[in-house]
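Visitor: Following this message is one structure expressed as structure tokens.
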Amino acid sequence: MSDTFLSQAQLEYFFNKYYRSLCQISYSYVKDMDVAKDIVQDFFIKYWEKFNNQDILINFESYAHVAVKNRSLNHIKSEEVKLRHENKAQDVLYEPVLLPEDTPLNGTDQYKIKLLKAIDQLPAGQRTVFMMSAVDGLKYMEIAAQMNISINTVKTHIRKAYHTIRKSCTVSAILLILLAGITLFSKTTVFK
């Protein structure tokens, strides 16, 4: 198909002809058929957005195979990043320093415990994005690239995470911790 415009009928033709084989290609990498189907469907959406009413100067089959393979590899990389950050969050949140039972906790320690519990209660995706931003200091664009999500999704996750944390902790507790310069995510500052 050279020097022609992509029409909806052509896209439907490509979809019907190549959908199953592209799903198999993606599945060979991601090992999850639902994820493979999502990747292929996303490919067709992006293909339509890119070539809608524009000249098509490529061999669709070759282009589709490479694009789906690359999207599948990107998905795997994104999942590895998510897992690494979830594990990091688990390390931070679940490796408490054991204190004798009679150790008094000052107000700051109690606020830190409350804050860490609030972070622990966040949904996995929100917690991962929040930790990448708050702990690792990554910018929204970097988080979006690593997790293979949009910047708006990153912003939404962080906004919702802060909203949830604010509901669980008083603003003064959060400010006290930040003003005191206490590193919340240091393993030596987590209490059981």
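The values are calculated or read from the model by the stated rules, or taken from the named source; none is laboratory data. It should be emphasised that the depicted structure is a prediction, and the values quoted were computed from it without experimental measurement. Heads up, the Cβs are rebuilt from the backbone with ideal geometry, glycines too, and the neighbour counts pull from every protein chain shown.
Visitor: Taking the criterion of being closer than 17 Å to His65 by Cα, of a type in the set (D, E, K, R) and modelled with pLDDT under 90, would at least one residue in the range 44-55 satisfy it?
Guide: Initial filter on the range 44-55 (closer than 17 Å to His65 by Cα): 44-48, 50-51.
With the extra rule that they be of a type in the set (D, E, K, R), the set shrinks to 46, 50.
After this cut, where a residue has to be modelled with pLDDT under 90 as well, the list is 46, 50.
Scanning the range 44-55 turns up at least one residue that is closer than 17 Å to His65 by Cα, of a type in the set (D, E, K, R) and modelled with pLDDT under 90.
Visitor: Okay, next question. Restricting to the range 118-167, count the residues that are aromatic (Phe, Trp, Tyr) and buried (at least 17 other Cβ atoms within 10 Å of the Cβ). Walk me through how you get there before you give the answer.
Guide: So in the range 118-167, the residues aromatic (Phe, Trp, Tyr) come out as 130, 140, 162.
If we keep only those that are buried (at least 17 other Cβ atoms within 10 Å of the Cβ) too, we end up with 130, 140.
Residues in the range 118-167 being aromatic (Phe, Trp, Tyr) and buried (at least 17 other Cβ atoms within 10 Å of the Cβ): 2 in total.
This table checks each residue for (1) at pLDDT below 55; (2) of a type outside the set (A, V, I, L, M, F, W, C); (3) under 18 Å from Gly125 (Cβ atoms).
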| residue | (1), (2), (3) |
| --- | --- |
| Val154 | no, no, yes |
| Ile165 | no, no, yes |
| Ala173 | yes, no, no |
| Leu176 | yes, no, no |
| Lys192 | yes, yes, no |
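Visitor: Determine if the range 66-88 includes at least one residue that is part of a helix (DSSP H, G or I), in the same structural domain as Leu11 (by TED's automatic domain parsing), more than 26 Å from Val129 (Cα to Cα) and modelled with pLDDT of 90 or more.
Guide: Within the range 66-88 (the criterion being part of a helix (DSSP H, G or I), in the same structural domain as Leu11 (by TED's automatic domain parsing), more than 26 Å from Val129 (Cα to Cα) and modelled with pLDDT of 90 or more), the answer is yes, since at least one residue qualifies.
Visitor: Considering each residue of the range 118-147, count those that are charged (D, E, K, R) and at pLDDT below 85, and give that number.
Guide: Initial filter on the range 118-147 (charged (D, E, K, R)): 120, 127, 136, 139, 142.
When the remaining residues are screened for being at pLDDT below 85, the result is 120, 136.
Selection size over the range 118-147: 2.
Visitor: Residues in the range 135-160 that are in contact (Cβ under 8 Å) with a residue 12 or more places away in the chain and more than 27 Å from Ile39 (Cα to Cα): how many?
Guide: 2
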